[in-house]
Amino acid sequence: MKLSSLWIGLASGAFGGLVGLGGGVIAVPLMVSFLKLSQHKAVATSLVMVVFTGLTGALTYATQGSVDWLAALLIFPTAMITANLGARYANALPEWRLKRVFGWYLVVIALSLILKPYIPHVEEPLQGWVRVIPLVLTGMAAGFASGLMGVGGGTIIVPIMVLLVGLEQHTAQGTSLLAMVPSAIVGSITHYRYGNVDQPTLPGLIAGILIGAFVSSLIANHLPEFWLRMVFAAVLIWTATRYVGARPKKAEKLEAMAPEGKDKL
């Protein structure tokens, strides 16, 4: 077991359990920076971690009564379908484009959380069939993002469930952790078939993420909603700054130019 993998797992699990994410927004950049994995391998390996973060965190939130089981069940089907599509699309993108997509994705979600008090949203939780449409659409978007970027999809699920469906922040986070598990499994399998999962790092990552997710999920239920949102947004913006300016490396430029040169010959 690699010690560096264990620490990345602990950090990712702690953050994921605290704000209702799979930890991918932390794990991916840390694996790229410290384990020197490519963006594609980091995304694929992160998705395997998300499965364990989601299970551990959701069970912990459930003991506090902070999981909407029906909402999670409505998200499951479409998320599983689009997770496969997202993983396939990620494999077709060059690394620098995948990084840019990851960065801008985080910026948009972070801004939506910072502006939450000023965005019109439902005062009471939606009931009955009215809540089905936003939850199904949420599953589609979250599943695709999960497969594409190696995240749990919580950066999409949590804001929509809070702003549109009307769930309380802690319940939205617990539900998000549960809802991300099936799509993470599907995305992981798809990435594995492309050979992108870095298996030697998994034991340390999984051990760390289980411990971190369990402890932080217990703490999260005792923190005020405002600070949860601010911590969530701050970490996302910090991470985004490292990705939005990504450019192709020299090797990628030469590879992109090669077919054009052959045509001219």
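The values are calculated or read from the model by the stated rules, or taken from the named source; none is laboratory data. Note that the coordinates shown come from a computational prediction; the quantities given were computed from them, not determined experimentally. Positions of Cβ are backbone-derived with ideal geometry, glycine not excepted, and every protein chain shown enters the neighbour counts. For accessibility, only protein heavy atoms count, side chains too; no ligands or nucleic acids. Shrake-Rupley method; radii C 1.70, N 1.55, O 1.52, S 1.80 Å.
Annotations
- Residue in region 221-236 that is open to solvent by 60 Å² or more (accessible area, probe 1.4 Å), farther than 30 Å from A62 by Cβ, out of contact with any helix residue (DSSP H, G or I) (no Cβ under 8 Å at 6 or more places or on another chain) and modelled with pLDDT under 80 present: no
- One residue from L113, L106 being closer than 22 Å to M230 by Cα and either touching a Phe, Trp or Tyr at 6+ places or on another chain (Cβ under 7 Å) or of a type in the set (K, R) (or both): L113
- A search for C-beta distances below 6 Å between a residue of region 147-173 that is at positive phi and any residue that is open to solvent by 10 Å² or more (accessible area, probe 1.4 Å), counting only pairs 6+ apart in sequence or on different chains, returns G166/V122; G166/E124; G166/P125; G166/L126.
- Within region 1-118, helices (runs of 4 or more DSSP H) holding 3 or more residues that are farther than 17 Å from T201 by Cα and of a type in the set (A, V, I, L, M): 3-19, 39-63, 69-92, 95-114
- Selection from region 237-265 of residues that are open to solvent by 60 Å² or more (accessible area, probe 1.4 Å), closer than 28 Å to V48 by Cα, at pLDDT below 80 and more than 17 Å from the chain's Cα centre (by Cα): K249
- Residue list for region 179-217, filter: exposed (fewer than 15 other Cβ atoms within 10 Å of the Cβ) and either part of a helix (DSSP H, G or I) or among the β-branched types (V, I, T) (or both): R193, Q199, P200, P203
- Hits in region 69-96 - residues which are in contact (Cβ under 8 Å) with a residue 60 or more places away in the chain, open to solvent by less than 30 Å² (accessible area, probe 1.4 Å) and either more than 14 Å from A142 (Cα to Cα) or out of contact with any helix residue (DSSP H, G or I) (no Cβ under 7 Å at 6 or more places or on another chain) (or both): A90
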